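Colleague: Below is the structure I would like to discuss, written out as structure tokens.
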């Protein structure tokens, strides 16, 4: 089975773990069409190309990048001609990108013209019913009409699809974690003071400042991995508590498990904010759509403490402690419990490992994807064109 998939934007490195697992499936060939990806993703593409003879990445030039607009929805391929697309029709086209993305519309339209009988599937992560400015709603509805199956990563993402008018087939396929890399350390014993960790962007919606206040109340150490606009605040807090707060720069997948293994708990204290980084007059509620670091920590046997924002409770399930977003006292209480109740920490560690093994490995995700793709490639897809009136409607909307 030959699968053509697309991926755009800078935050794409984790998809390479899925590509690696997919390429280990006998009889599966994978062509990846990418644009505006990071240097780390390009290096991963090179590594996978050397490892898997049936992996074919194609990084295509783009017109509008994420860095210019602030959102992956704006990324556009410069062109999608014979040089960019595979010569033979794929059995399935899978788009990693939301229905409203410009790149999604480009690929769907081009593939329906070039390969009218090839079925298509689409990733979906939006967990908020957001009304985008024109022309994005037109592109979104056109994609809903064109794809054969949409694969939301959570039940809430599926509910959003229905609320926005999608009536086609769905199947929940979550994000995953590479359990060959993220696993409990050989020496599971952690010595020294109780350390709570954080991995991610140092931004207000991640709850970094709330974590620092809670850790001070609970009298525990903090290890923060990442960077962002709140870095000066983190450094000031570290000067107030010398030796108790450490900041580590971003690390790759190969180095992150070791840092996670040195934590007694992983905190994701996210809060909801309204994002206005695309159009200042359009406010987009920003909630955690998944929280990949949660499953990475659980795969390493690290208990997790997280807020009740977005999809965090769904991902954590019964394998962690949840508290109300922004409630510093409640977060401090959860940290004290984990520090003072070793039995609770051990229980949550075991629950986290079980939850990852049964729900969130990339192998399980690959199983689900191959099942959907295999059924589609066997039964074929509709041959109707993709809303050829969309370009005219786009210009009309701008007038």
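The values are calculated or read from the model by the stated rules, or taken from the named source; none is laboratory data. Model, not experiment: these values are computed from the prediction. Counting neighbours? That spans all protein chains shown, and the Cβs are built from the backbone with ideal geometry, glycine included.
Colleague: Filter the stretch 1-43 down to the residues that are assigned to a helix (DSSP H, G or I) and over 22 Å from residue 367 (Cα atoms) and list them by number.
Modeller: If the condition is that a residue be assigned to a helix (DSSP H, G or I) and over 22 Å from residue 367 (Cα atoms), then 39, 40, 41, 42, 43 are the ones that fit.
Colleague: Here is a check on your reading of the model: is residue 236 more than 30 Å from residue 133 (Cβ to Cβ), exposed (fewer than 15 other Cβ atoms within 10 Å of the Cβ), modelled with pLDDT of 95 or more and in the same structural domain as residue 307 (by TED's automatic domain parsing)?
Modeller: Values: more than 30 Å from residue 133 (Cβ to Cβ): yes; exposed (fewer than 15 other Cβ atoms within 10 Å of the Cβ): yes; modelled with pLDDT of 95 or more: yes; in the same structural domain as residue 307 (by TED's automatic domain parsing): yes.
Criteria met by residue 236.
Colleague: So which residues in the stretch 239-267 are more than 16 Å from residue 213 (Cβ to Cβ), out of contact with any strand residue (DSSP E or B) (no Cβ under 8 Å at 6 or more places or on another chain) and either in a helix (DSSP H, G or I) or in the same structural domain as residue 41 (by TED's automatic domain parsing) (or both), if there are any at all?
Modeller: 257, 258, 261
Colleague: Yes or no: the stretch 200-208 includes at least one residue that is surrounded by 20 or more Cβ atoms within 10 Å (Cβ to Cβ), within 22 Å of residue 346 (Cα to Cα) and either at pLDDT below 95 or not assigned by TED's automatic domain parsing to the domain that holds residue 369 (or both).
Modeller: no
Colleague: Go through the stretch 32-45 and give me each residue that's surrounded by fewer than 19 Cβ atoms within 10 Å (Cβ to Cβ) and either closer than 24 Å to residue 111 by Cα or touching a strand residue (DSSP E or B) at 6+ places or on another chain (Cβ under 8 Å) (or both).
Modeller: Answer for the stretch 32-45, where residues must be surrounded by fewer than 19 Cβ atoms within 10 Å (Cβ to Cβ) and either closer than 24 Å to residue 111 by Cα or touching a strand residue (DSSP E or B) at 6+ places or on another chain (Cβ under 8 Å) (or both): just 42.
Colleague: What tally of residues in the stretch 136-158 results from selecting those that are touching a helix residue (DSSP H, G or I) at 6+ places or on another chain (Cβ under 9 Å) and in a loop (DSSP other than H, G, I, E, B)?
Modeller: Counting residues in the stretch 136-158 that are touching a helix residue (DSSP H, G or I) at 6+ places or on another chain (Cβ under 9 Å) and in a loop (DSSP other than H, G, I, E, B) gives 3.
So that you can scan it fast, the table gives a plain yes or no per residue for (1) at pLDDT below 90; (2) assigned to a loop (DSSP other than H, G, I, E, B); (3) in the same structural domain as residue 371 (by TED's automatic domain parsing):
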position: 68; (1), (2), (3): yes, no, yes
position: 81; (1), (2), (3): yes, yes, yes
position: 95; (1), (2), (3): no, no, yes
position: 100; (1), (2), (3): yes, yes, yes
position: 105; (1), (2), (3): no, no, yes
position: 108; (1), (2), (3): no, no, yes
position: 111; (1), (2), (3): yes, no, yes
position: 128; (1), (2), (3): yes, yes, yes
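Colleague: With the condition kept exactly as written, say whether any residue in the stretch 194-209 is over 15 Å from residue 258 (Cβ atoms), part of a helix (DSSP H, G or I) and in contact with a helix residue (DSSP H, G or I) (Cβ under 8 Å, 6 or more places away or on another chain).
Modeller: For the stretch 194-209, residues over 15 Å from residue 258 (Cβ atoms), part of a helix (DSSP H, G or I) and in contact with a helix residue (DSSP H, G or I) (Cβ under 8 Å, 6 or more places away or on another chain): present.
Colleague: Residue 230 passes all but one of (1) farther than 15 Å from residue 196 by Cα; (2) touching a residue at least 40 places away in the same chain (Cβ under 8 Å); (3) buried (at least 18 other Cβ atoms within 10 Å of the Cβ); which number fails?
Modeller: That leaves (2) as the condition not met.
Colleague: Among the numbered conditions (1) in contact with a strand residue (DSSP E or B) (Cβ under 6 Å, 6 or more places away or on another chain); (2) at pLDDT 95 or above; (3) part of a helix (DSSP H, G or I), tell me where residue 353 comes up short.
Modeller: (1)
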